[in-house]
Amino acid sequence: MIETRTRVSTAAALGRALLASLALALAACGGGGGTATVSAPPTFNTAPPAGLDATTFPTGWTEKSDVFLNRSVVTAANPLAVDAGVEILRAGGTAVDAAIAVQMVLGLVEPQSSGLGGGAFMLHYRASNRTVETYDGRETAPATATPNLFIVNGQPLPFATAVVGGRSVGTPGAVRMLELAHKDHGRLPWARLFERAIQIAEDGFAISPRLFNSLNADQALRTQQPAATYFYNTDLTPKAVGTVLRNPEYAATLRAIASGGANAFYTGPIAADIVAKVQAHPTNPGLLSVSDMANYQAKKRPPVCGTYRTRYNVCGMGMPSSGGATVVMALGILENFNVAAMGPQTVDSVHIISDAYRLAYADRGQYMADSDFVNVPLAGLINKDYLRTRSQLLRMDRSIGVPPVGTPPGLSGSTAFGSDATHEGGGTSHLSIVDADGNAVSMTTTVEGAFGSKQMVRGFLLNNQLTDFSFAPNDSQNRPIANRVEAGKRPRSSMAPTIVLNPEGEVEIVIGSPGGAAIIQFVTKSLIGMIDWKLSPQDAIELGNFGAATTATTTLERNSAVQATAFADGLRARGHTVAIADQNSGLHGFLFTGSRNPGLGTGAYRGWVAGADPRREGVSRGD
Ligand code: DON
């Protein structure tokens, strides 16, 4: 493994000695990986100074560097989870094997974000035939749910009231989905993938600063048992950073799934306990039943792909996630502007990218939901001619403001109308993996909000994914909203696990992020950073986040360069309403650079370059 700082801005400081040792290290780990090694790291454009103040940055900021790897990469939100994935790859496991091991540890050490009680979307790249397929492990609404699930006394419940308890809990999908992916692409035995997580659950792990901050910020979790006893002291203050948490119940659950497969989770005593927790909640019971659990199905679906600047084929998750399609739409609109010449973190680029988001989000809100229930005009929405026509609505000197909904080709009989708010809260995680054979996984995994529904069962937390539905079933004109609750339906997501291929069908970029509806913006920003601005993954991830959705408001990340006063004034002069807010991405990804890839990075280096979001605790490791 080679882990060093090689950003152009600091490359001079590295000196010849470091480059020489890098060359030796690259040569030393070259065997068997199928990728040639050469003597010098690639160069990337230099990102403008991020302007971040690490002492005041509200979501935390840990300096990180690009990591250069030869054969394989695991990049994810927690070092223990990353190490579990690397261990599996070294034991001969595939990218899917490693993803399962990473997820099992994340559910323990980053329980605020994802786990057994949640859902996930996985993109898988199969190197042998150069294809991308997607796995849908999204939660479903119970069979007895109606469009009025969140309507009480004729009014939508307040969001926070809806979250805590059983009402918001959808049938968890992650475990069944991982089992399906393992059947298709696993190499190591299923049970082997649980060993490290079981050991850490039994031996204990130290509470990290980020987990502590999430516990400290959460007012509801400490009122719900058994989570309160597990995470908090008797005076209901959070257990301190460094406190060793043991979770024998989680270990026992993992042992059951390891030996009995996903059936041990979806039927029998574990499923019964999940259902009892949901149905017996004292103030906010839910509808999830044992038959919902037993009947849950993970689904394989085709990816949504669209080219960007001709050579990049950007593939993402299709419905019920809006993520892939909305990223492809935003890029398809931006293709009609010279974003590369505008440069990163300029008024011009933030203006036009934000306005492109507005057009894409307007259609997302109108048309996108679970396509098993709603007729989504997907082909029309990502049609190049349609997106070019949409781009002609935009001007460089004036923001479009509140964006109009478009009329994509192929629209037939869709009466869906109206968009609902998507809420953010640290309840999601993204991992990107490539194995030595070149198979890759891009997986975004979530319990929705931080600690999901706050209901803990057998050592893990249950999701609150049903609050990703529109609470109101109809709009003000009484037309049904596409993303309303329906029995068995999957709530619309923004998760955007992404894999970018070159014209030969080889992997060029793997990336994704948490962040609720802003996931689409975080991922698109990073893709533009790497593709148009030739930034390294780390620099692209570090760029100040910004974005817009369906209003005139453009949000700039607090304490980042894009918040600079002159910058905000420049946007206001073009009609943007500027808001400053935390933009808590958790981007983890990598690109391939080398002779097959003239676009990303320069020089003769051939290998993977990985980045991890400094806003979270993640790392990139591998061989
Ligand atoms: O599926 C979705 O789009 C949301 N449930 C994701 C929530 C999220 O990313 C919260 N994050 N930080």
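Annotation note: of Gly401, Gly406, Gly410, Gly418, the sole residue that is at pLDDT 95 or above, on the phi > 0 side of the Ramachandran plot and either more than 16 Å from the ligand (Cβ to nearest atom) or β-branched (Val, Ile, Thr) (or both) is Gly401. Screening Ala264 on (1) touching a residue at least 12 places away in the same chain (Cβ under 8 Å); (2) buried (at least 18 other Cβ atoms within 10 Å of the Cβ) shows it passes everything except condition (1). How about region 516-533: which of its residues are open to solvent by 10 Å² or more (accessible area, probe 1.4 Å) and within 15 Å of the ligand (Cβ to nearest atom)? Answer for region 516-533, where residues must be open to solvent by 10 Å² or more (accessible area, probe 1.4 Å) and within 15 Å of the ligand (Cβ to nearest atom): Gly516, Ala517, Gln521. Checking region 477-488 against the condition returns a match, with at least one residue being more than 11 Å from the ligand (Cβ to nearest atom), open to solvent by 10 Å² or more (accessible area, probe 1.4 Å) and free of Cβ contacts under 8 Å to residues at least 24 places away in the same chain. Only residues that are over 30 Å from Thr131 (Cβ atoms) and assigned to a loop (DSSP other than H, G, I, E, B) were counted across region 282-300, and they come to 8. In region 516-540, the residues that are in contact (Cβ under 8 Å) with a residue 12 or more places away in the chain reach residues that are among the acidic types (Asp, Glu) and open to solvent by 10 Å² or more (accessible area, probe 1.4 Å) with C-beta atoms within less than 6 angstrom, at least six apart or across chains, in these pairs: Gly516/Glu424.
The rows are residues; the columns are (1) over 29 Å from Phe469 (Cα atoms); (2) of a type outside the set (Val, Ile, Thr); (3) open to solvent by less than 10 Å² (accessible area, probe 1.4 Å).
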position: Pro285; (1), (2), (3): no, yes, no
position: Ala294; (1), (2), (3): no, yes, no
position: Val314; (1), (2), (3): no, no, yes
position: Leu331; (1), (2), (3): no, yes, yes
position: Val347; (1), (2), (3): yes, no, no
position: Asp370; (1), (2), (3): no, yes, yes
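Of the set (1) closer than 20 Å to Gly119 by Cβ; (2) small (Gly, Ala, Ser); (3) without any contact (Cβ under 8 Å) to a residue 40 or more places away in the chain, all apply to Ser289 but (3).
Yes or no, residue by residue, for (1) under 22 Å from Pro537 (Cα atoms); (2) at pLDDT 95 or above; (3) more than 16 Å from the ligand (Cβ to nearest atom); (4) not in a helix (DSSP H, G or I):
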site: Asn45; (1), (2), (3), (4): yes, no, yes, yes
site: Pro49; (1), (2), (3), (4): yes, no, yes, yes
site: Ala54; (1), (2), (3), (4): yes, no, yes, yes
site: Ala99; (1), (2), (3), (4): yes, yes, yes, no
site: Leu123; (1), (2), (3), (4): yes, yes, no, yes
site: Ser128; (1), (2), (3), (4): no, yes, yes, yes
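Ser470 meets the stated requirement of being within 16 Å of the ligand (Cβ to nearest atom) and more than 17 Å from the chain's Cα centre (by Cα).
When region 190-213 is filtered for residues that are outside any strand (DSSP E or B) and open to solvent by 40 Å² or more (accessible area, probe 1.4 Å), the ones remaining, listed by number, are Ala191, Arg192, Glu195, Arg196, Gln199, Glu202, Asp203, Pro209, Phe212, Asn213.
When region 144-160 is filtered for residues that are assigned to a loop (DSSP other than H, G, I, E, B), open to solvent by 60 Å² or more (accessible area, probe 1.4 Å) and more than 17 Å from Asn478 (Cα to Cα), the ones remaining, listed by number, are Thr144, Asn153, Pro158.
The values are calculated or read from the model by the stated rules, or taken from the named source; none is laboratory data. None of these values were measured; they are calculated from a predicted model. Don't worry about glycine lacking a Cβ; one is built from the backbone with ideal geometry, like all the others, and counts go over all protein chains shown. Heads up: the accessible areas ignore ligands, DNA and RNA and are worked out on the full protein's heavy atoms, side chains in. Shrake-Rupley method; radii C 1.70, N 1.55, O 1.52, S 1.80 Å.
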